[in-house]
Amino acid sequence: MSIRTTLECWGLHEFVEDAVQVVSELVTNSVQHAAGQSADDPGCCRLTVQRPTHDVVAVIVSDSSPRRPVRCQPNAESENGRGMLLLDALAPGWRVIPTPSGGKAVHCELRAHS
């Protein structure tokens with residue numbers, strides 16, 4: 001099931017576009033940067049979506065790598081490096097939490113627009 005479908009089933013239509021962007025960025029970073037050490041080991045990536053309150057959606061992407069996301073300062077010609085800036089804009093206060101297995105979880109919350 002997609003993040004779009006989940007939020008629409010919950011009746012949280014106003015969260016959909018921001019959540020799709022956040023999930024796309026976090027999962028892409030996880031897949032690109034937390035892959036295993038060989039082609040046979042794709043690593044591990046898990047997406048969790050929670051609704052802790054009626055006006056908050058929590059998005060958590062965990063993976064098997066301890067490597068933390070890095071904020072870049074891309075210039076106008078850069079093709080990459082804007083993901084954490086996007087996350088800062090859509091989910092201020094996001095954080096990285098080490099997992100017991102030695103990996104990490106990136107946790108962010110999207111709030112209803114007031």
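The values are calculated or read from the model by the stated rules, or taken from the named source; none is laboratory data. Because the structure is predicted, anything quoted here is derived from the model rather than measured. Here the Cβ is made from the backbone with ideal geometry for all residues, glycine too, and neighbour counts use every protein chain on show.
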TODO: Determine whether region 10-31 contains at least one residue that is modelled with pLDDT of 90 or more and loosely packed, with under 11 Cβ neighbours inside 10 Å.
DONE: yes
TODO: Please find, within region 56-98, the residue that is surrounded by the most Cβ atoms within 10 Å (Cβ to Cβ) out of those that are at pLDDT below 90 and of a type in the set (D, E, K, R).
DONE: R82
TODO: Would you mind telling me which numbered condition in (1) at pLDDT 85 or above; (2) not hydrophobic (A, V, I, L, M, F, W, C); (3) not in a strand (DSSP E or B) R51 fails?
DONE: (3)
Open item on the list: Considering only residues that are of a type in the set (A, V, I, L, M), more than 11 Å from the chain's Cα centre (by Cα) and in a helix (DSSP H, G or I), which ones fall in region 1-30?
Closed with: I3, L7, V16
- [ ] Residue by residue through region 82-98, note down the ones that are touching a Pro at 6+ places or on another chain (Cβ under 6 Å) and of a type in the set (F, W, Y).
- [x] none
